[in-house]
Amino acid sequence: MPLPIHWQTASNVRFADICKRLETANLTERYELLTFVRLHKARVRPRISDRWLIFEMLKYFLECIAHGQHSETDAEEECLDSPFDAAEQLVRWFNWYRNAEKDNPRVQNVANLIADFYRNGTGYCRNCVETGFLEHVLETPENRPYFRSWSDDPELADAHRASLKWGLAHETTDKP
(Lines give C-alpha, C1' and ligand atoms only; values in the text may rest on other atoms or scores of the structure.)
Protein backbone atom coordinates (compact mmCIF):
# COMPACT_ATOMS: atom_id res chain seq x y z
CA MET A 1 0.00 0.00 0.00
CA PRO A 2 2.05 2.94 -1.23
CA LEU A 3 1.56 6.32 0.35
CA PRO A 4 -1.02 8.47 -1.45
CA ILE A 5 0.44 10.84 -4.02
CA HIS A 6 -1.22 13.86 -2.40
CA TRP A 7 0.75 13.10 0.79
CA GLN A 8 3.96 13.76 -1.13
CA THR A 9 3.01 17.38 -1.75
CA ALA A 10 3.36 20.22 0.71
CA SER A 11 -0.28 19.92 1.82
CA ASN A 12 -1.42 18.79 5.23
CA VAL A 13 -2.22 15.15 6.00
CA ARG A 14 -5.13 14.13 8.18
CA PHE A 15 -4.16 12.25 11.35
CA ALA A 16 -7.31 10.12 10.97
CA ASP A 17 -6.07 8.96 7.54
CA ILE A 18 -2.72 7.94 9.02
CA CYS A 19 -4.43 6.01 11.82
CA LYS A 20 -6.75 4.25 9.37
CA ARG A 21 -3.81 3.10 7.27
CA LEU A 22 -1.90 1.93 10.37
CA GLU A 23 -4.80 -0.32 11.34
CA THR A 24 -4.40 -2.48 8.23
CA ALA A 25 -0.70 -2.01 7.44
CA ASN A 26 1.77 -4.86 7.49
CA LEU A 27 5.16 -4.27 9.13
CA THR A 28 6.83 -2.81 6.05
CA GLU A 29 3.93 -0.43 5.51
CA ARG A 30 3.88 0.51 9.23
CA TYR A 31 7.55 1.40 9.00
CA GLU A 32 6.97 3.53 5.90
CA LEU A 33 3.99 5.30 7.49
CA LEU A 34 5.81 5.99 10.75
CA THR A 35 8.90 7.20 8.90
CA PHE A 36 6.69 9.53 6.87
CA VAL A 37 5.09 10.85 10.07
CA ARG A 38 8.51 11.38 11.70
CA LEU A 39 9.73 13.35 8.67
CA HIS A 40 6.52 15.32 8.06
CA LYS A 41 5.09 15.62 11.55
CA ALA A 42 4.43 19.34 11.15
CA ARG A 43 2.06 18.61 8.24
CA VAL A 44 -0.19 16.25 10.21
CA ARG A 45 -3.53 17.75 11.30
CA PRO A 46 -4.52 17.85 14.01
CA ARG A 47 -0.98 17.90 15.32
CA ILE A 48 0.26 14.68 16.82
CA SER A 49 2.22 14.40 20.02
CA ASP A 50 5.65 12.93 20.43
CA ARG A 51 4.01 10.50 22.86
CA TRP A 52 1.80 9.06 20.15
CA LEU A 53 4.73 8.65 17.79
CA ILE A 54 7.00 7.03 20.37
CA PHE A 55 4.28 4.58 21.37
CA GLU A 56 3.66 3.63 17.74
CA MET A 57 7.39 3.15 17.15
CA LEU A 58 7.69 1.01 20.28
CA LYS A 59 4.79 -1.15 19.08
CA TYR A 60 6.49 -1.47 15.68
CA PHE A 61 9.79 -2.59 17.23
CA LEU A 62 8.01 -5.16 19.42
CA GLU A 63 6.15 -6.44 16.37
CA CYS A 64 9.47 -6.82 14.54
CA ILE A 65 10.83 -8.87 17.43
CA ALA A 66 7.71 -11.06 17.50
CA HIS A 67 7.71 -11.46 13.73
CA GLY A 68 11.43 -12.14 13.47
CA GLN A 69 11.31 -15.81 14.32
CA HIS A 70 9.00 -16.34 11.33
CA SER A 71 10.74 -14.02 8.86
CA GLU A 72 12.36 -16.83 6.86
CA THR A 73 8.99 -18.48 6.24
CA ASP A 74 6.78 -15.43 5.69
CA ALA A 75 7.92 -13.53 2.61
CA GLU A 76 4.62 -11.64 2.34
CA GLU A 77 5.29 -9.47 5.38
CA GLU A 78 8.89 -8.43 5.51
CA CYS A 79 10.16 -6.49 8.48
CA LEU A 80 12.70 -3.81 7.73
CA ASP A 81 14.31 -4.25 11.15
CA SER A 82 15.61 -7.66 12.18
CA PRO A 83 14.56 -8.67 15.70
CA PHE A 84 17.90 -7.69 17.23
CA ASP A 85 18.05 -4.45 15.23
CA ALA A 86 14.56 -3.69 16.51
CA ALA A 87 15.67 -4.44 20.08
CA GLU A 88 18.62 -2.07 19.64
CA GLN A 89 16.31 0.63 18.28
CA LEU A 90 13.98 0.00 21.21
CA VAL A 91 16.84 0.88 23.58
CA ARG A 92 17.40 4.17 21.73
CA TRP A 93 13.70 5.02 21.70
CA PHE A 94 13.33 4.15 25.40
CA ASN A 95 16.27 6.41 26.27
CA TRP A 96 14.82 9.23 24.17
CA TYR A 97 11.38 8.81 25.72
CA ARG A 98 12.75 8.71 29.25
CA ASN A 99 14.72 11.90 28.63
CA ALA A 100 11.76 13.64 26.98
CA GLU A 101 9.29 12.65 29.68
CA LYS A 102 11.37 13.24 32.83
CA ASP A 103 9.63 11.61 35.81
CA ASN A 104 6.43 10.98 33.87
CA PRO A 105 4.57 7.79 34.89
CA ARG A 106 4.09 7.01 31.19
CA VAL A 107 7.74 5.96 31.00
CA GLN A 108 6.94 3.23 33.52
CA ASN A 109 3.97 2.25 31.34
CA VAL A 110 6.35 1.69 28.43
CA ALA A 111 8.61 -0.46 30.61
CA ASN A 112 5.52 -2.41 31.73
CA LEU A 113 4.49 -2.92 28.09
CA ILE A 114 7.91 -4.43 27.40
CA ALA A 115 7.60 -6.64 30.51
CA ASP A 116 4.20 -7.89 29.30
CA PHE A 117 5.62 -8.56 25.85
CA TYR A 118 8.46 -10.56 27.43
CA ARG A 119 6.09 -12.45 29.73
CA ASN A 120 3.83 -13.44 26.82
CA GLY A 121 6.59 -14.06 24.29
CA THR A 122 8.12 -17.20 22.91
CA GLY A 123 11.59 -18.30 23.96
CA TYR A 124 12.91 -16.57 20.84
CA CYS A 125 11.22 -13.27 21.73
CA ARG A 126 12.36 -13.49 25.35
CA ASN A 127 15.96 -14.07 24.30
CA CYS A 128 15.81 -11.12 21.92
CA VAL A 129 14.33 -8.80 24.57
CA GLU A 130 16.79 -9.96 27.22
CA THR A 131 19.99 -9.85 25.19
CA GLY A 132 19.06 -7.24 22.60
CA PHE A 133 17.14 -4.80 24.78
CA LEU A 134 17.26 -5.35 28.53
CA GLU A 135 21.02 -5.87 28.86
CA HIS A 136 21.66 -2.65 26.97
CA VAL A 137 18.92 -0.48 28.45
CA LEU A 138 20.26 -1.40 31.91
CA GLU A 139 23.70 -0.08 30.96
CA THR A 140 22.25 3.37 31.73
CA PRO A 141 21.69 3.86 35.48
CA GLU A 142 18.78 6.24 34.87
CA ASN A 143 16.84 3.40 33.20
CA ARG A 144 17.23 0.86 36.00
CA PRO A 145 14.38 2.06 38.25
CA TYR A 146 11.88 1.42 35.45
CA PHE A 147 12.85 -2.27 35.39
CA ARG A 148 13.38 -2.83 39.12
CA SER A 149 10.03 -4.62 39.44
CA TRP A 150 11.37 -7.38 37.20
CA SER A 151 13.54 -8.60 40.06
CA ASP A 152 10.43 -9.45 42.14
CA ASP A 153 8.54 -11.21 39.35
CA PRO A 154 9.18 -14.96 39.06
CA GLU A 155 8.90 -14.86 35.24
CA LEU A 156 11.19 -11.86 34.85
CA ALA A 157 13.69 -12.20 37.71
CA ASP A 158 16.27 -14.41 35.96
CA ALA A 159 16.34 -12.17 32.88
CA HIS A 160 16.63 -9.07 35.08
CA ARG A 161 19.44 -10.53 37.17
CA ALA A 162 21.50 -11.59 34.13
CA SER A 163 20.80 -8.34 32.26
CA LEU A 164 21.61 -6.16 35.26
CA LYS A 165 24.92 -7.97 35.63
CA TRP A 166 25.66 -7.12 31.99
CA GLY A 167 24.43 -3.54 32.41
CA LEU A 168 26.60 -2.90 35.45
CA ALA A 169 29.66 -4.30 33.66
CA HIS A 170 29.04 -2.03 30.66
CA GLU A 171 27.65 1.03 32.43
CA THR A 172 27.21 4.26 30.52
CA THR A 173 25.57 7.51 31.49
CA ASP A 174 23.40 10.06 29.76
CA LYS A 175 25.30 12.88 31.43
CA PRO A 176 27.84 14.82 29.33
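The values are calculated or read from the model by the stated rules, or taken from the named source; none is laboratory data. Keep in mind that this is a model prediction, so the values were computed, not measured. Note: ideal-geometry Cβ built from the backbone for every residue, glycine included; neighbour counts use all protein chains shown.
Details
- Selected residue (criterion: modelled with the lowest pLDDT) from residues of the stretch 143-174 that are within 19 Å of GLY132 (Cβ to Cβ) and hydroxyl-bearing (Ser, Thr, Tyr): THR172
- First in the stretch 28-51 and over 25 Å from PRO83 (Cβ atoms), second anywhere and surrounded by fewer than 16 Cβ atoms within 10 Å (Cβ to Cβ) and among the hydrophobic types (A, V, I, L, M, F, W, C), Cβ under 6 Å, 6 or more apart: VAL44/PHE15; PRO46/PHE15; ILE48/PHE15
- Only residues that are among the hydrophobic types (A, V, I, L, M, F, W, C), assigned to a helix (DSSP H, G or I) and under 21 Å from LYS59 (Cα atoms) were counted across the stretch 1-29, and they come to 6.
- Of the residues making up the stretch 30-78, those that are of a type outside the set (Ser, Thr, Tyr), more than 20 Å from ASN95 (Cβ to Cβ) and modelled with pLDDT under 90 number 10.
- Taken together, ASP85, ASP17, ASP103 contain a single residue that is charged (D, E, K, R) and at pLDDT below 90, which is ASP103.
- Of all residues making up the stretch 87-109, the number that are touching a residue at least 24 places away in the same chain (Cβ under 8 Å) and either assigned to a helix (DSSP H, G or I) or closer than 16 Å to PHE147 by Cα (or both): 16
- The stretch 132-176, subset outside any helix (DSSP H, G or I) and charged (D, E, K, R), residue farthest from GLU88 (Cα to Cα): ASP153
- Considered as a group, the residues in the stretch 136-176 that are closer than 17 Å to LEU113 by Cα and charged (D, E, K, R) include one that is surrounded by the most Cβ atoms within 10 Å (Cβ to Cβ), and that residue is ARG144.
- Test result for PHE117, within 12 Å of the chain's Cα centre (by Cα), modelled with pLDDT under 95 and closer than 27 Å to SER49 by Cα: no
- With respect to the stated conditions, ARG119 fails to be assigned to a helix (DSSP H, G or I) and over 17 Å from LEU58 (Cβ atoms).
- Of residues in the stretch 45-54 being closer than 19 Å to TRP96 by Cβ and surrounded by 12 or more Cβ atoms within 10 Å (Cβ to Cβ), the one farthest from the chain's Cα centre (by Cα): ILE48
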